[in-house]
Amino acid sequence: MHRRTALGGALTALATAAAGVLVAAAVSTAPAAAAAGGTGTGYLHTSGNKIVDSTGATVRLTGINWFGMETDNKTFHGLWSSNPWRSQLDTMARLGYNTLRIPYSNDALKAGATATGINDFVNPDLIGLSPLQILDKVIDYAGSKGMRVILDRHRPTSAGQSPLWYTSTVSEATWINDWKMLAQRYAGNTTVIGADLHNEPHAEGTNPAATGACWGCGDTARDWRLAAERAGNAILGVQPNWLIFVEGVSCPSGGLSNVWDNDPSNDEDCGWWGGNLSKAGQFPVRLNVANRLVYSPHEYATSVYRQAWFDDPSYPANMPAIWDKYWGYLYKQNIAPIMMGEFGTTLQDPKDKIWLQNLMAYTGTGVNGMSFTYWSWNPNSGDTGGIANDDWTTINQPKQDILTPYLIPPTGGGGTTSPSPTGTPNTSPAPTTPPPPVTGGCTATYKQINSWADGFQGELTVKNTGTAAVNPWSATWTWPSGVTLASGWNATVTQSGTTVTAAAPAWASSLAPGASVTVGFTANGTAATPGSVKLNGTAC
């Protein structure tokens, strides 16, 4: 995800009657039993179109993506929030997500790579750790919840995605060697079940001079199917127990469709980046270890791109045939399992709600349904948003309600939220009584940490210069009109109009005389210094 070009165009309006029929079928499907085996026992393998565990029991992966390790931060996003990282995983497991797909870039694996964007106050156990060491901790804790982990080579570098699995600066050898390193690093750890080899191979250039990823064209420099075999077999050579997840391409020829040139010979049937597995039946991925191949298409809604099929007069009745053509046939013909690695939407367009309801119904319920990992946990995915809201704590309930009937919680994953330092997560409403006034005074200092074209990051330190503790403390400040809060940490940070309030977290509610607290935040708009800073109503 993060950006994707897709092909198609707007045609006609929604067929409301057809939508009503299919939506009713989607929402009336019985939910899967929560105790349907979690994520199974031992390593996983395949049998026909099913994923099974070491005992032969069918397993359905119903997971979620938590991205960030593929970006400049080189680690999970949201570690800057006021919600500790363990608590975020607790919530994912409690909601029913039994698998975590973790995108990374090869930059994050380099010696000396540094993880940034971490709230040290909330996540002190991550201070000074490398991206790989943080990944180790997340994997260990996810495993303790009964979750499984799929590693996703999302980008060659943190700068962006690539149509091919290699670039001028990241060779195929680097791609494969890094995969072998990860396979060896987690050998024997059954939490980590496999490798999503490369995210969203796609077309580039136009035929006959195409330069993007093709499927079955036979050109070793561009044929994604052949590259997947090379990498998959190299990984299985050092870790034969892993599943190999292979995404599709966008256009099987590897060239963009010239729909604008009035030359039908240049046109072909193209789909989402990574979403077109229409040639996999004819040109299957051949691995040296049997029963390890899982096909992993991506599928998106209008909030990513308004494909022509969304405006077909028969929508959404036309969608199952489209899914069948691109990837569903592999499952229906018992060729291989499907694990839909990414799909998501902002739900802003009514068509998207219909799309998500129908897509989930298409995957089926219970352990025999198709596996999936939703995009994403992160609220900061620009074209889909997330299951987490902007506070990285509360949940987007309309999305979750659609997904819940299809989720199979991890064994042991339905427990309580990880405790904060005082034993109680700060999820209760703000107190209705005003906080006590400060006895004495306060001082405030501001430091701008970073800025970019349409936003900035800062830290406001407030010190209690009074003679008594302030409990609970609450700091407020104002921003110019047009500056809006994006995220905050070390407090529960909210905004109303131009006033921002940072309320004390439950685990650090008291501010002793002479003590200070630093509230971090990111904001949208032109960088601005907080004004009219107050501590419990007393001007600083």
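Applying a threshold of 7 Å to beta carbon distances and a minimum spacing of six or more residues, or different chains, the list of pairs starting in the stretch 478-491 at a residue that is aromatic (Phe, Trp, Tyr) and ending at one that is buried (at least 17 other Cβ atoms within 10 Å of the Cβ) and modelled with pLDDT under 90 reads Trp489/Gly520. Might you check whether a residue that is in a loop (DSSP other than H, G, I, E, B), under 29 Å from Ala57 (Cβ atoms) and either under 16 Å from the mean Cα position of the chain (by Cα) or not β-branched (Val, Ile, Thr) (or both) occurs anywhere in the stretch 339-356? Checking the stretch 339-356: at least one residue is in a loop (DSSP other than H, G, I, E, B), under 29 Å from Ala57 (Cβ atoms) and either under 16 Å from the mean Cα position of the chain (by Cα) or not β-branched (Val, Ile, Thr) (or both). The C-beta contact set for the stretch 127-138 (first residue modelled with pLDDT of 95 or more, second residue crowded, with 17+ Cβ neighbours inside 10 Å and in a helix (DSSP H, G or I), distance under 6 angstrom, 6+ apart or interchain) comprises Pro131/Ala108; Ile134/Leu126. Restricting the first member to the stretch 218-238 and to residues that are free of Cβ contacts under 8 Å to residues at least 12 places away in the same chain, and the second to residues that are open to solvent by 30 Å² or more (accessible area, probe 1.4 Å) and small (Gly, Ala, Ser), the beta-carbon pairs closer than 9 Å and six or more apart or on different chains are Leu226/Gly218. Scan the stretch 267-291 residue by residue and report those that are crowded, with 24+ Cβ neighbours inside 10 Å and in contact with a strand residue (DSSP E or B) (Cβ under 8 Å, 6 or more places away or on another chain). The answer is Cys270, Trp272, Trp273, Gly274, Gly275, Asn276, Leu277, Ala280. The number of residues in the stretch 218-261 that are out of contact with any strand residue (DSSP E or B) (no Cβ under 9 Å at 6 or more places or on another chain) and of a type in the set (A, V, I, L, M, F, W, C) comes to 7.
State yes or no: is Gly37 among the small types (Gly, Ala, Ser) and either modelled with pLDDT of 95 or more or not in a loop (DSSP other than H, G, I, E, B) (or both)?
When the stated conditions are applied, Gly37 does not pass them.
Could you look through the stretch 255-279, keep only residues that are under 21 Å from Ala301 (Cα atoms) and of a type in the set (Ser, Thr, Tyr), and pick out the one that is modelled with the lowest pLDDT? Looking at residues that are under 21 Å from Ala301 (Cα atoms) and of a type in the set (Ser, Thr, Tyr), I get Ser257.
So that you can scan it fast, the table gives a plain yes or no per residue for (1) of a type outside the set (A, V, I, L, M); (2) open to solvent by 60 Å² or more (accessible area, probe 1.4 Å); (3) at pLDDT below 90; (4) assigned to a strand (DSSP E or B):
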residue	(1), (2), (3), (4)
Thr439	yes, yes, yes, no
Thr445	yes, yes, no, yes
Gln457	yes, no, yes, yes
Thr461	yes, no, no, yes
Thr467	yes, yes, yes, no
Trp477	yes, no, no, yes
Ala486	no, no, yes, yes
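For the stretch 165-212, a residue qualifies if it is closer than 30 Å to Lys145 by Cα, in a loop (DSSP other than H, G, I, E, B) and open to solvent by 50 Å² or more (accessible area, probe 1.4 Å), and the qualifying residues are Ala187, Gly188, Thr190.
Within the stretch 53-104, the residues that satisfy the criterion of being of a type in the set (Lys, Arg) and either crowded, with 24+ Cβ neighbours inside 10 Å or touching a Phe, Trp or Tyr at 6+ places or on another chain (Cβ under 8 Å) (or both) are Arg60, Lys74, Arg86, Arg101. Considering (1) within 27 Å of His77 (Cβ to Cβ); (2) in contact (Cβ under 8 Å) with a residue 12 or more places away in the chain, the lone condition that Ala453 does not fulfil carries the number (2). When Cys442 is tested against (1) without any contact (Cβ under 8 Å) to a residue 12 or more places away in the chain; (2) in contact with a Cys (Cβ under 6 Å, 6 or more places away or on another chain), only condition (1) is not met. Considering Ala301, Ala361, the condition of being touching a Gly at 6+ places or on another chain (Cβ under 8 Å) and among the small types (Gly, Ala, Ser) is satisfied by Ala301 alone.
The values are calculated or read from the model by the stated rules, or taken from the named source; none is laboratory data. Everything quoted here is computed from the prediction, not taken from an experiment. Counting neighbours? That spans all protein chains shown, and the Cβs are built from the backbone with ideal geometry, glycine included. Quick note on the areas: whole protein, heavy atoms, side chains included, nothing else; ligands and nucleic acids left out. Shrake-Rupley method; radii C 1.70, N 1.55, O 1.52, S 1.80 Å.
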